[in-house]
Amino acid sequence: MSSAIATLNNRGYQMATPSPLLQDWLSSYDGQHPLLDIGCAYGINTYKALELGIPTVSMDLEKKHLDILLQNMDKEYRHLSTCVIGELPYSIPFSDNYFSGILCAEVIHFLDGKSIETSIDLIYRKLVPNGKFVMTMASDKLLEYIDKDMHTKFQDDLENGIKWPGEMPMDAEFTKKFQNIIENDGIRSEIDHIFGNLLHFCSVEQITEVLQHRGFGILHANVGEHPGYEDPEGLGTVPKRILLVVAQKL
């Protein structure tokens with residue numbers, strides 16, 4: 001297995017393996033409308049779509065990621081590939097009803113609550129009717145592993161009507177808690193800038209409610225694993241507790 005690779009813009013890693021929901025994304029291609037890979041990094045998921053002959057748009061806010069993706073791409077796939085700079089929640093530079101499937105892997109958890117809502121509205125518009133939105137992000141179960149007291153407060157706040165209690169600023173206190181569960185020395189020492197200013201943990205119930213309120217039907221939503229975390233150069237034995245969600249535009 002290849003190694004997880006740090007991004008160049010303080011937004012975590014490209015995982016060592018494709019998304020565990022890769023097949024859900026690939027199967028959303030309707031034969032006419034392209035797929036979109038949001039936060040594509042170096043293209044680990046994009047390449048899988050191109051290899052199947054699926055026209056695919058790779059979007060990232062870091063131009064250098066896209067440059068590397070294109071440099072490593074086999075020439076036979078170039079005619080199927082479009083690379084664009086874009087950033088949630090601000091821009092997906094295509095017309096509405098353009099994509100049959102959108103993948104957003106390990107991206108949403110870098111956004112605050114309001115930006116998550118705006119991003120989901122934007123993604124909904126860009127999908128064709130019955131198009132699929134496939135996403136993974138950090139779950140509240142990972143927060144529980146990092147600090148049980150913080151997770152208890154998360155649950156209490158949620159029950160008391162606080163909408164986004166899982167917004168965790170990567171300040172010195174939280175960074176230290178995160179470092180304490182990571183075995184790899186290199187990752188531990190770099191975590192204060194690898195993950196940017198904010199890490200957002202959400203529950204299944206939170207995300208499904210937001211998606212349904214914005215017109216999505218939920219096809220699949222649970223907490224699961226990402227095999228890409230198993231790489232010995234990656235995050236050691238941190239539990240792979242991520243949200244796995246597949247939704248459909250109704």
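The values are calculated or read from the model by the stated rules, or taken from the named source; none is laboratory data. These numbers come from a predicted model, not from an experiment. Positions of Cβ are generated from backbone atoms using ideal geometry, with glycine treated the same way; all protein chains shown enter the neighbour counts.
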Could you check segment 33-46 and list, in sequence order, the residues that are closer than 24 Å to residue 220 by Cα and surrounded by fewer than 24 Cβ atoms within 10 Å (Cβ to Cβ)? 33, 34, 44
Does residue 80 qualify as being under 15 Å from residue 107 (Cα atoms) and of a type in the set (A, V, I, L, M)? no
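Go over the candidates 38, 5 one by one and state the one that is β-branched (Val, Ile, Thr) and modelled with pLDDT under 95.
Values: 38 fails: modelled with pLDDT under 95.
Result of the check over 38, 5: 5.
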If you check residue 67 against the conditions, is it surrounded by fewer than 17 Cβ atoms within 10 Å (Cβ to Cβ), outside any helix (DSSP H, G or I) and out of contact with any Pro (no Cβ under 6 Å at 6 or more places or on another chain)? no
Got at least one residue in segment 173-196 being closer than 23 Å to residue 122 by Cα and either modelled with pLDDT of 95 or more or surrounded by 18 or more Cβ atoms within 10 Å (Cβ to Cβ) (or both)? no
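Go through the residues of segment 197-207 one by one and say whether even a single one is at pLDDT 75 or above, touching a Gly at 6+ places or on another chain (Cβ under 6 Å) and over 16 Å from residue 136 (Cα atoms). Walk me through it before giving the result.
Within segment 197-207, the first condition is being at pLDDT 75 or above, and the residues that meet it are 197-207.
Next, from what is left, pick out any that are touching a Gly at 6+ places or on another chain (Cβ under 6 Å): 200-202.
From what is left, the residues that are over 16 Å from residue 136 (Cα atoms) are none.
The answer is no, given that none of the residues of segment 197-207 is at pLDDT 75 or above, touching a Gly at 6+ places or on another chain (Cβ under 6 Å) and over 16 Å from residue 136 (Cα atoms).
Taking segment 70-91 as the search range and keeping residues that are within 24 Å of residue 125 (Cα to Cα) and hydrophobic (A, V, I, L, M, F, W, C), which one is surrounded by the most Cβ atoms within 10 Å (Cβ to Cβ)? Break it down stepwise before answering.
Applying the first criterion (within 24 Å of residue 125 (Cα to Cα)) to segment 70-91 yields 80-91.
Filter once more, keeping what is hydrophobic (A, V, I, L, M, F, W, C): 80, 83-85, 88.
On the way: 80: 17, 83: 20, 84: 15, 85: 13, 88: 22.
Per the criteria, the residue is 88.
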Quick check on this structure: which one of 101, 131 is part of a strand (DSSP E or B), within 16 Å of residue 216 (Cβ to Cβ) and in contact with a Pro (Cβ under 9 Å, 6 or more places away or on another chain)? 101
Would you check which residues across segment 47-64 are outside any strand (DSSP E or B), touching a Leu at 6+ places or on another chain (Cβ under 6 Å) and touching a residue at least 40 places away in the same chain (Cβ under 8 Å) and list them? 62, 64
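For segment 72-98, enumerate the residues that are part of a loop (DSSP other than H, G, I, E, B) and among the hydrophobic types (A, V, I, L, M, F, W, C). Give the derivation first.
Step one: list which residues in segment 72-98 are part of a loop (DSSP other than H, G, I, E, B), which gives 73-74, 86, 88-90, 92-98.
73, 88, 92, 94, listed by residue number.
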Within the group 88, 69, which residue is aliphatic (A, V, I, L, M) and either under 24 Å from residue 248 (Cβ atoms) or at pLDDT below 90 (or both)? 88
Which residue is nearest to residue 205 (Cα to Cα), if the candidates are limited to segment 141-159 and must be under 24 Å from the mean Cα position of the chain (by Cα) and of a type in the set (Asp, Glu)? 144
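With respect to residue 94, is the statement that it is closer than 17 Å to residue 39 by Cα, surrounded by fewer than 22 Cβ atoms within 10 Å (Cβ to Cβ) and either touching a Cys at 6+ places or on another chain (Cβ under 6 Å) or not polar (S, T, N, Q) (or both) true? Show your work before the answer.
Details: closer than 17 Å to residue 39 by Cα: yes; surrounded by fewer than 22 Cβ atoms within 10 Å (Cβ to Cβ): yes; either touching a Cys at 6+ places or on another chain (Cβ under 6 Å) or not polar (S, T, N, Q) (or both): yes.
Yes: the conditions hold for residue 94.
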Name the single residue that is surrounded by the fewest Cβ atoms within 10 Å (Cβ to Cβ) among those in segment 122-172 being out of contact with any strand residue (DSSP E or B) (no Cβ under 6 Å at 6 or more places or on another chain) and among the β-branched types (Val, Ile, Thr). 152
Among the residues of segment 69-122, write down those that are touching a residue at least 40 places away in the same chain (Cβ under 8 Å) and among the β-branched types (Val, Ile, Thr). 82, 92, 102, 107, 108, 116, 120
